[in-house]
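Only one structure is covered here, and it is reproduced in the block below.
The values are calculated or read from the model by the stated rules, or taken from the named source; none is laboratory data. Owing to the predicted nature of the structure, the values given are computational and were not obtained by experimental measurement. A quick note on method: Cβ atoms are made from the backbone with ideal geometry, for glycine too, and the neighbour counts reach across all protein chains shown.
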Amino acid sequence: MNTGIPERLNVVKVKRGRKPGQTSQLSTSTPELNKSAGIPQKPRQAADINFACLLAWRLRKIHTFAKNSGLKSRLNFCADGNTSDISALFSITHQTHHSMSRFIRKKKEDIGLSPFALVFRGQKKAEEIGLHVIDFNLDNVSDFDLHSTEELGTIPQAGTIRWLNIDGLHEVELMEELARAFELDNNILSDVMNPSVRPKVQEIENGIFITIKMLQYKGAGENMAAENLSLIITDHVLISFQEQPGDVFSPVRERIHKHKNKIRTAGPDYLAFALLDVVVDNYIYILGELGEEIENIEVNMMDDPRNQMLDNINIYKRELNFLRKNVYPAKEMIMNLAKMDSEFIHDENRLHFRELQDNVNEAIELSESYREILYDQLNIYHTTMSSKLNDIMRVLTVFSVIFIPLTFIVGVYGTNFDILPEIHWHYGYFAMWLLMIVTTGIMLAFFRWKKWL
């Protein structure tokens, strides 16, 4: 189909300096568009596109994403000359780079903001704010959604515990309503609206503020994702803040609905413990999934070490480092929470928070173990590859040494002197072959005797 676009496009370079958060793009334009925009016409060769393809292909950091996003298939346009996917290619490259920058969350425009400013400092992950309430006591459970902020200030009945879950952190008006309804300081809600805040626990005038990272891992080939979870414990209400719908708290909700046990009567502090316990257990589960994949590398490495295994080792090292970055601050937060002397934590529930310490310590020990295994695998890989290279060099050296005397014999009888008695001998040719075979046999026997073969 004729689109009116010339077959050869001119590639316009994008300046390196750009505003924070601005996406770098590869813009393509026709000579006519360049002329109308006042841009000097500089015809580009097909090598420009090939160079772009080669550059994207050589970025090893996008190896994992390429297998799942179809990047390799998009690179086929380098071979057939089709330029329709070039913008998509660089869009994928940028998305991959964005997903890789998981360790840096601070934005330039956030520098210098007041700690009391209610400004969302993260990446918007939910289009709409979700408000969900579970009111429960020993006998009854009420599960419903809130459709307006005016209902936030409703007080549950005496003896009833309320769990208010909020999905989405970007709505400033909602945070202001929460501050008025529950008498919360702005600096606390400012931390809630900052997903990159470090895990911590803080006692406030009318409750306890907790923040921790929830991790999600969908399996091999996927980057691990972190979501900030904030909890505010008050006398009869637990408020949880999440960046987006979907979490790991289904077991807790099921316990509230199906079991008339301690979770219905022990208070918001025990409910907070149950949520934190699920988060920490999820750390251990993710480590188990990673560990199984890491151990599979070790099994296959001894049989057939390949470059792909080195890529996998580096991928798992990166994911493990990302997990450790979030688990270590969680350990510090849980330790401070277990030691906290607060009226909002009942004495009978303090034992459970100390149990959290054991769980998070188990997660850290697992991460340390798998980290050591990865380093051992890296050493094994290099040792195995070095050993294979030595074997190859040994075989090549044996061949070289065998052919040295054979080359000498052939060289002697290849000279052009007039007096070479063996040349006129009837069996001279066969005698030369016999000499070469005997020499080769003697050398091979010597190498076997020395155990070089």
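Just to be sure I understand, how many residues within region 208-240 are more than 21 Å from K339 (Cβ to Cβ) and assigned to a loop (DSSP other than H, G, I, E, B)?
10
Applying the selection to region 336-380, what residues are in contact (Cβ under 8 Å) with a residue 40 or more places away in the chain, part of a loop (DSSP other than H, G, I, E, B) and surrounded by fewer than 17 Cβ atoms within 10 Å (Cβ to Cβ)?
M340, S342, H346 - these are the residues of region 336-380 that are in contact (Cβ under 8 Å) with a residue 40 or more places away in the chain, part of a loop (DSSP other than H, G, I, E, B) and surrounded by fewer than 17 Cβ atoms within 10 Å (Cβ to Cβ).
Looking at region 216-246 only, could you name the residues that are over 25 Å from M193 (Cα atoms) and either in contact with a Lys or Arg (Cβ under 7 Å, 6 or more places away or on another chain) or crowded, with 18+ Cβ neighbours inside 10 Å (or both)?
Start the filter on region 216-246 by keeping residues that are over 25 Å from M193 (Cα atoms), which leaves 218-222.
Hit for region 216-246 is G221, nothing else.
Which residues, taken from region 120-136, are modelled with pLDDT of 85 or more and within 16 Å of D247 (Cα to Cα)? Write out each step before concluding.
Taking region 120-136 as the starting set, the residues that turn out to be modelled with pLDDT of 85 or more are 129-136.
Passing the criteria: I129, G130, L131, H132, V133, I134.
From (1) polar (S, T, N, Q); (2) in contact with a helix residue (DSSP H, G or I) (Cβ under 7 Å, 6 or more places away or on another chain); (3) over 30 Å from I286 (Cα atoms), pick out the condition that doesn't hold for T397.
Among (1) polar (S, T, N, Q); (2) in contact with a helix residue (DSSP H, G or I) (Cβ under 7 Å, 6 or more places away or on another chain); (3) over 30 Å from I286 (Cα atoms), T397 violates only (2).
Residue-by-condition table, conditions (1) surrounded by 10 or more Cβ atoms within 10 Å (Cβ to Cβ); (2) assigned to a helix (DSSP H, G or I); (3) touching a residue at least 60 places away in the same chain (Cβ under 8 Å); (4) not aliphatic (A, V, I, L, M):
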{"site": "T397", "(1), (2), (3), (4)": "yes, yes, no, yes"}
{"site": "T407", "(1), (2), (3), (4)": "yes, yes, no, yes"}
{"site": "G411", "(1), (2), (3), (4)": "no, yes, no, yes"}
{"site": "N416", "(1), (2), (3), (4)": "no, no, no, yes"}
{"site": "I423", "(1), (2), (3), (4)": "yes, yes, no, no"}
{"site": "I437", "(1), (2), (3), (4)": "yes, yes, no, no"}
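Residue by residue, here is whether (1) among the aromatic types (F, W, Y); (2) in a helix (DSSP H, G or I); (3) surrounded by 16 or more Cβ atoms within 10 Å (Cβ to Cβ) holds:
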site	(1), (2), (3)
V248	no, no, yes
E289	no, yes, no
N300	no, yes, no
N312	no, yes, yes
K325	no, yes, no
I334	no, yes, yes
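Every residue, every condition in (1) modelled with pLDDT under 90; (2) of a type in the set (D, E, K, R); (3) exposed (fewer than 15 other Cβ atoms within 10 Å of the Cβ), yes or no:
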{"residue": "L138", "(1), (2), (3)": "yes, no, yes"}
{"residue": "D143", "(1), (2), (3)": "yes, yes, yes"}
{"residue": "W163", "(1), (2), (3)": "no, no, no"}
{"residue": "V172", "(1), (2), (3)": "yes, no, yes"}
{"residue": "P195", "(1), (2), (3)": "yes, no, no"}
{"residue": "E205", "(1), (2), (3)": "yes, yes, yes"}
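Between K331, K262, which is in contact with a helix residue (DSSP H, G or I) (Cβ under 9 Å, 6 or more places away or on another chain), without any contact (Cβ under 8 Å) to a residue 12 or more places away in the chain and closer than 22 Å to I233 by Cα? Quick ask: steps written out before the conclusion?
Details: K331 fails: without any contact (Cβ under 8 Å) to a residue 12 or more places away in the chain.
Exactly one residue qualifies, and that residue is K262.
Can you give me the number of residues within region 182-193 that are surrounded by fewer than 17 Cβ atoms within 10 Å (Cβ to Cβ) and touching a helix residue (DSSP H, G or I) at 6+ places or on another chain (Cβ under 8 Å)?
2
T384 is checked against (1) modelled with pLDDT under 85; (2) farther than 30 Å from L290 by Cβ; (3) of a type outside the set (K, R); (4) surrounded by 15 or more Cβ atoms within 10 Å (Cβ to Cβ) and fails just one. What number does that condition carry?
So T384 meets the others, but not (2).
Filter region 163-201 down to the residues that are of a type in the set (A, V, I, L, M) and in a loop (DSSP other than H, G, I, E, B), then identify the one that is farthest from K325 (Cα to Cα). First the steps, then the outcome.
Going residue by residue through region 163-201, those that are of a type in the set (A, V, I, L, M) are 164, 166, 169, 172, 174-175, 178-179, 181, 184, 188-189, 192-193, 197, 201.
Okay, now just the ones that are also in a loop (DSSP other than H, G, I, E, B), so 169, 184, 193, 197.
Values: L169: 23, L184: 29, M193: 20, V197: 13 Å.
Among residues in region 163-201 that are of a type in the set (A, V, I, L, M) and in a loop (DSSP other than H, G, I, E, B), the one farthest from K325 (Cα to Cα) is L184.
Among the residues of region 250-281, what is the count of those that are over 22 Å from V360 (Cα atoms), hydrophobic (A, V, I, L, M, F, W, C) and not in a loop (DSSP other than H, G, I, E, B)? Reasoning before the result, please.
To start, the set of residues in region 250-281 that are over 22 Å from V360 (Cα atoms) comprises 253-262, 264-267.
Next, only the ones that are hydrophobic (A, V, I, L, M, F, W, C) stay: 256, 266.
Filter once more, so that each one left must be not in a loop (DSSP other than H, G, I, E, B): 256.
Here the count works out to 1.
Check region 146-158 and report whether any residue there is of a type outside the set (D, E, K, R), modelled with pLDDT of 85 or more and not in a strand (DSSP E or B).
The answer is no; no qualifying residue exists.
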